[in-house]
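The values are calculated or read from the model by the stated rules, or taken from the named source; none is laboratory data. Since the model is a prediction, treat every value here as computed from it, not as a measurement. For neighbour counting, all protein chains shown are included, and Cβ atoms are generated from backbone atoms with ideal geometry for every residue, glycine included. With ligands, DNA and RNA removed, areas are computed over all heavy atoms of the protein, side chains included. Shrake-Rupley method; radii C 1.70, N 1.55, O 1.52, S 1.80 Å.
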Amino acid sequence: MGVFTTEEILRTVEMIHKENLDVRTVTLGINVLDAARADSNKMQERVFKKIVNKAKSLIPVCNEISRRYGIPIVNKRIALSPLSQLLEQHNETTALALAKTIDRAAREINIDFVGGFSALVEKGWTPGEQSLINSIPLVLSSTERVCASVNVASTSAGINVDAVRRMAEIIIKTAQRTAEHDGFGAAKLVVFANIPQDNPFMAGAYLGSGEPECVVNIGVSGPGVIKRALEVKLRHQKLDFIEIAEEIKRTAFRVTRVGELIGREVAEALGVEFGIVDLSLAPTPYVGDSVGEILQILGIKSIGAPGSTAAIALLNDAVKKGGLFASSSVGGLSGAFIPVSEDAALSLAVGRGDLQLEKLEAMTSVSSVGLDMIAIPGDIDVDTLAALILDEMSIGVVNDKTTACRIIPVPGKKAGDKAVFGGLFGECFISPVHRPGNSGQFVKYGGRIPAPLRSLHN
Amino acid sequence: MAEDRPGIVSAVSQAVLKLDGNIVALSQTVLNDYFTIILIADFPEKVSAEQLRECVENAGSSGEFSVMSRPYQPSSTSSRFSSAESTQYMLTATGTDRKGIIHQISQSLATKGINILDIATYLEADKFILVAQIVVPSDINVRCLQDELSAIGVSKNISINLQHIDIFKATNRI
C-alpha cells in the first residue's frame, strides 16, 4: 500500500483502537510572571486574561488534530510559571484568591487541571513561597482544577528537611480538609526532588525557568501497547532479555513518534513553540493499560515479588532507549510510572499484600517519579510521613534523578481499607506504613541534608 | 494478465525491447497466483498499439497472456487526484465479509470526488480487510467524512477508520 505494507498499516490501527495508544496529555506551558503586581486584584485579572487568551484554542485545536490522525488526546492541560513568584508581595489570602481565579479561568476554557501552584524551596524559602505553601490545604480543598507541587530537594542543593516536615503537615491538612472524598486534595499535590522544568504530567506540571513564553509539551501513553506487543511475541516465541528489550524499544519508538507528531501539529496550530515529548508510560485504571500487567506478562506473577525491581528497570531503560531514538526532543519525567491507584494491577497487588511500600520505594529507584498515588492510613503522624518523604527524596538526590511523593493519608481509614478517588485517579487499598512513630527524633534535627558526593560512585 | 510463473516479466520486457521500446514505468502484482502487470513505454513512431499487443501476447505460450495496449497521454487532471501528501489519508476497514462492502465505501468516496490511489482487500479466515490510500480534496470536511464512513461501518457491522497518512509514517518509518 504505497510505501507501507498492509501489516504496518493494520498494526498502527490496532495500536490505537485495541491497545489504548493515545496521547495522554497535551500540556500548554504559559509564562504568567509578567502579571506580577502589588495590587492583588489587578494581578489576578492579568493572570486570568493571559490564561484564557493563550489557551482558549487548546481544546478545539486538539480535537481537530485528534480527528485528523484518529488518535485520542485524553487530557488537555495548562502548566503555569511557579506562582510563588507572583506572591512575594502578598499573603496567604491573595494566594487563595489567585488559585480561585486560576480555577475560574480553567473552567471558562474547559481545562480540567492547571499546574504551577508551585514553589522551589530545596535550599530555603522566601516569604512568597511560604505564603503559597501555607495556603495549599485551603487552595486544594476549595478549588477543583488547581494542582500544587513543591520541590524540597535537589542533587546540587541537598534536602531541605524543614520543608519536608512542613510538607508532611500540609499533606495531612489537605487530606483532612477533603476527608469526605478520601483525602483527594492530597492527590493534587506532589513533593519533588529534582523537579523537571518541562514535565507535562499532573499534578507536578509547571513552567520552569529557562522555558519559553508559551510551549506545548506532550505526555504519551502506552503501557497497553507494550503489554500487547510483548504478549504476542512471547506467545509465539521464546525470547531472552535482549530480545524483550528490543521489542519494548521498537514499541516505545512508535509511541514516541506519535507524541512528537501530535505535539508539533498542536504547537504549529496554536502558533507557539513545541517543547518536548515525555516518554513516560502512564497507566490508567482501565484493564489492559497497566504497567503492573507488563510485569505480569514478563513473568512476575505477584507484583512486588523478587524480580519486580529488575523488571521495572528493564522496562524503564528500554522505553527511554526506544524513545530517544525516535525523537531529539525528549524531556519531562520520561520513565515508567507506578501510580498505585491509577493502575488496576498495582492497586490489586497492594490489596493482596503482595506489593508493599518498601518494595514500591525500591522500584522507584530504577523508574520514573516515585511514591505516586499511594493511600496510607489517615492517622499517620507528621514525623513518620516526613521521614517517608525524606527516604524518597534521598533516592532522587543521591541518584541524580527525579523522585516525588504523592501520598494520600486517607482520613478515618486504616490499612487494608479502600480509598476511592474516581476517574483516572482510580482507587486503591490503603498501604500499611511500617513502624510508624519511630522516626521523629531523626526528622526533628531539621536544617538541610547536604548535597551528595558526585564522584567515587559505588 | 496470466497465471503466475517465473519468467513473465522477462518475457514481456524482451517483447518491448524487440520493438525498440524503453520502459518508463511499471507496476506488477500477483493476486491469488494470478499475475498482472501494467507498464508505460516509449516506442519509435512506426510501432502501433496493435503491433505491441501481438508482440507481447506472442511472448507467452499459446493463449497464456491476455494483453491490452493503448496509446498513453498524461492526464491533465491527474494532479488533482493524486495531489500533495498533505491530503492523503489511509482508510482501513475490518470485519466480517459480506457482499457490497467495497461498493458502498467506494461509492461514498466517488460521490465526493475522492480518488483512491491504491486499494487492496484480503480475506483472513472469515475476516475481511480493506486498506485504501485516498486523496481527500481540501474542501471536504474530514470529520463529516469520518462520521459517514463510520455509519457505513455500523450498517455493515465492520470497523472503518480514516486517518491522515502521516500517522503511519510516524509509527513505521525511521
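Ellipticity at 222 nm from helices only: DSSP H runs of n ≥ 4 in chain B, each -39500 (n - 2.57), divided by the residue count, give -9500 deg cm²/dmol. Distance between the pseudo-spin-label points of A:Ala362 and A:Glu7 (7 Å out from Cα toward the beta carbon): 4.0 nm. Between B:Gln51 and B:Ala151, the simple label model (points 7 Å from Cα in the Cβ direction) yields a spacing of 5.6 nm.
Sites listed here are chymotrypsin sites (Phe, Trp or Tyr not before Pro) in region B:1-110 whose DSSP assignment is loop and whose Cβ has at most 15 other Cβ atoms within 10 Å: B:Tyr72. A simple rule links phi to the HN-Hα coupling: the Karplus curve 6.51 cos²θ - 1.76 cosθ + 1.60 with θ = phi - 60°, which for region A:108-124 gives 4, 10, 6, 8, 7, 9, 10, x, x, 6, 9, 9, 10, 10, 4, 10, x Hz, with x for Gly and Pro. Straightening the chain between A:Glu213 and A:Val52 buys 56.5 nm, computed as 0.36 nm per residue apart minus the Cα-Cα spacing. Mean per-residue shielding of peptide B:158-170 is 6, counting Cβ atoms of other chains within 10 Å of each Cβ.
A Förster radius of 22 Å, combined with the Cβ-Cβ distance separating B:Asn22 from B:Met1, puts the computed FRET efficiency at roughly 0.45.
Separation of region A:324-401 and region B:110-174, taken as the distance between their Cα centroids, equals 42 angstrom. Excluding same-chain neighbours fewer than eight residues apart, the aspartates and glutamates reachable from B:Lys169 by a Cα-Cα span under 14 Å are A:Glu7, A:Glu8, A:Glu260, B:Glu85. For chain A, the Kirkwood hydrodynamic radius comes to 22.1 Å, computed from all pairs of different C-alpha atoms.
Return one quarter of the surface area of the convex hull spanned by the alpha-carbon atoms of chain B, equal to its mean projected area, in nm².
Working: hull surface 52.9 nm².
Average of the hull's projected areas for chain B equals 13.2 nm².
What part of the accessible area of region B:114-174, given as a whole %, is carbon or sulfur when the probe is 1.4 angstrom?
On the way: 1390 of 2810 Å².
Using a 1.4 Å probe with all protein chains present, region B:114-174 comes out at 50 percent carbon and sulfur.
Annotation for region B:1-77: trypsin sites (Lys or Arg not before Pro) lying in DSSP loop with at most 11 further Cβ atoms inside 10 Å of their Cβ are B:Lys46.
Restrict the search to region A:155-250; then list the trypsin sites (Lys or Arg not before Pro) that DSSP places in a loop and that have at most 12 other Cβ atoms within 10 Å of their Cβ. Please report the intermediate quantities before stating the final value.
Values: sites: A:Arg165, A:Arg166, A:Lys173, A:Arg177, A:Lys188, A:Lys227, A:Arg228, A:Lys233, A:Arg235, A:Lys238, A:Lys249, A:Arg250; in loops: A:Lys238.
Passing sites in region A:155-250 are A:Lys238.
Under a 5 Å amide H cut-off, with hydrogens placed 1.01 Å from N, B:Asp118 pairs with B:Gln133 among residues at least 5 apart or on other chains.
Within the protein assembly as shown, what percent of beta bridges assigned by DSSP are antiparallel, to the nearest 5?
Details: 53 of 86 bridges.
Taking every DSSP beta bridge with both residues in the protein assembly as shown, the antiparallel ones total about 60 percent.
Rounded to the nearest 500, what is the 222 nm mean residue ellipticity of chain A from helices alone, with -39500 (n - 2.57) per DSSP H run of 4+ residues and division by all residues? It would help to have the intermediate numbers written out before the result.
Numbers: 14 runs with 198 residues, N = 458.
Value at 222 nm, helices only, nearest 500: -14000 deg cm²/dmol.
Rg and Dmax of region B:2-57, based on Cα coordinates, read 11.7, 38 Å. Using alpha carbons only, the radius of gyration of region B:78-172 set against its Kirkwood radius gives Rg/Rh = 0.96. Look at where the Cα atoms of region A:15-94 and of region A:240-265 average out, and the two centres are 27 Å apart. Across peptide B:127-138, the mean count of Cβ atoms from other chains lying within 10 Å of each residue's own Cβ comes to 2.
I need the calculated FRET efficiency for the pair A:Lys123 and A:Asp34, taking r as the beta carbon distance and R₀ as 41 Å, to the nearest 0.05.
Efficiency for this residue pair is about 0.95.
Peptides A:49-55, B:155-161, A:275-281, A:435-441 ranked from most to least packed give A:275-281, A:49-55, B:155-161, A:435-441, packing being the mean of other C-beta atoms within 10 angstrom over each peptide's residues.
Taking θ as phi - 60° and the Karplus parameters 6.51, -1.76 and 1.60, the scalar couplings of region B:7-21 work out to x, 5, 4, 4, 5, 5, 5, 5, 5, 4, 5, 4, 8, 6, x Hz in sequence order, x denoting glycine and proline. Each of B:Ile40 and A:Arg104 was given a label point 7 Å from its Cα along the Cα-to-Cβ line. The distance between the two points is 6.5 nm.
The H on the amide N of A:Leu371, modeled in the peptide plane, is under 5 Å from the matching H of A:Ala404, A:Arg406, each at least 5 residues off or on a different chain. Within the full protein context, the accessible area of A:Lys18 is estimated at about 140 Å² for a probe radius of 1.4 Å. Rounded to the nearest whole Hz, the Karplus-based 3J(HN,Hα) values (6.51 cos²θ - 1.76 cosθ + 1.60, θ = phi - 60°) of region A:77-93 follow the sequence 9, 10, 10, 9, 4, x, 6, 4, 6, 8, 9, 4, 9, 10, 10, 5, 4, with x at glycine and proline. Counting Cβ atoms of other protein chains within 10 Å of each Cβ in B:90-97 and taking the mean gives 3. Under 5 Å between amide hydrogens, built in the peptide plane, is the criterion, and for A:Asp278 it picks out A:Ile218, A:Gly219, A:Val220, A:Gly331 among residues at least 5 positions away or on other chains.
In terms of distances greater than 27 angstrom between alpha carbons, the cross-link table entries A:Lys18/A:Lys401; A:Lys301/A:Lys359; A:Lys76/A:Lys123; A:Lys56/A:Lys188; A:Lys173/A:Lys413 yield A:Lys18/A:Lys401; A:Lys76/A:Lys123.
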